[in-house]
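Note sheet for the following structure.
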Amino acid sequence: MRAIFFTATVWFFVFMLAFSSSFGKDQWVSESDQGIYEFGERVLQDLSYQYDTELLRECMGFYLDNQQFDSPQGSYTKAIRLGYQIVTIDHKDIDTYTTMAWLLWSKWVCWTKNPNRMPDGKGKADEAVDLLNWGKQWNLKSERFYKESADTIWPLAKYHRTDLYDFVIENYRKADLLAGSNDLLRVRIRLNLGHIYRQINEKKPATYWYKRVLEIAPNNEVAARCLAHLENKPDRKTLQ
C-alpha cells in the first residue's frame, strides 16, 4: 500500500505542476466540504493555538484531497503544516508522521525535476528523515514506528538517495529487535532486510536475513527462492 501511495503521490505532484494553470482558488468544493475548508483556513491562520487533534486531522484530510488550495498548487503545504501541529500535540501519531514524511520527500523529488514549479521542495527529503528521527524519542519501544519509518524512506533510498539505506536498515533492525513474538511482523521485516541487502549487492547479510526468515517460517517461498538464487550466484566482491 505504501508503494502505491508513493507512486500516486509523485505522479499527482507532476500532474498538478504540469497543469497548475488550469486551477484557481475558486476551485469548486461540495457544500459538505465548504465548511471544512472555511474552518481549515481559520485554523491555519492561528495554528499554534489549535489543540483539537481530531479536527486538525479532519482539516489535514481535506487538504490532502484538495491540493488546489495550496501554493504552489499540489504541494501539500497546508496538510504538512497541520501535520506538524498534530504530532506536536500527539507525539505517538505514527500515521501522521509517515504521511508527512512521504509528502515531504515527494516534494523534494518534484523539486529535483522542476525547481521553479516546486521551489519549497529543496531540502524536504532531509526534513522527512529529520521528522522521523525526531519522533523516535516518543516511540522508542514501538516496533511499528521503526518499521513504518523504514517503509517510508526505503523507496527514496532505492530510487534517489542511496545514502539513506543506512537509515532504512537501522530502523528495520530495531523493529526486528522490538517485534518479540510477533512472527508475522518479524517475517516481513527480515524479508525486507534481505531484499535491501540484495539491492545493494551485499550477499552475506542478504543471505543471513533470508535464513532468519526461514528460522520462524520454514515454508516461506519468497525467502527460500531468494536464498537459492543468492547461493547459486557468484559474490561480486570475490570476482573483483
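Only the coordinates and a few stated rules stand behind these numbers; no lab work does. All figures in this text were calculated on a predicted structure; none of them were measured in a lab. Methodologically, a virtual Cβ is constructed for each residue, glycine included, from the backbone with ideal geometry; neighbour enumeration extends over all protein chains shown.
Could you pull out the pairs from 136/204; 174/204; 122/158; 92/136 whose alpha carbons sit more than 21 Å apart here?
136/204
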| note | Partner lysines whose C-alpha sits under 16 Å from that of residue 78, ignoring same-chain residues fewer than 8 away, are 25, 107, 124
| message | Two decimals, Cα atoms only, Kirkwood Rh: what is Rg/Rh over the stretch 95-240? | response | 1.04
| query | Where the centroid of each part is defined by its Cα atoms, how far is the stretch 124-160 from the stretch 35-52 in Å? | reply | 27
| Summed side-chain charge close to residue 35 - residues other than residue 35 whose Cβ falls under 14 Å, Lys, Arg +1, Asp, Glu -1 | -4
| message | Can you work out the Karplus-derived ³J(HN,Hα) for every residue in the stretch 137-143? Use 6.51 cos²θ - 1.76 cosθ + 1.60 with θ = phi - 60°, whole Hz, and x for glycine or proline. | response | 4, 9, 10, 4, 10, 9, 4
| request: Starting from the Cα-Cα distance between residue 181 and residue 84, subtract it from 0.36 nm times their residue separation and give me the gain in nm to one decimal. | output: 31.6 nm
| request: For the stretch 84-90, just list the computed ³J(HN,Hα) in residue order, Karplus coefficients 6.51, -1.76 and 1.60, θ = phi - 60°, integers in Hz, with x standing in for Gly and Pro. | output: 4, 5, 4, 6, 5, 8, 10
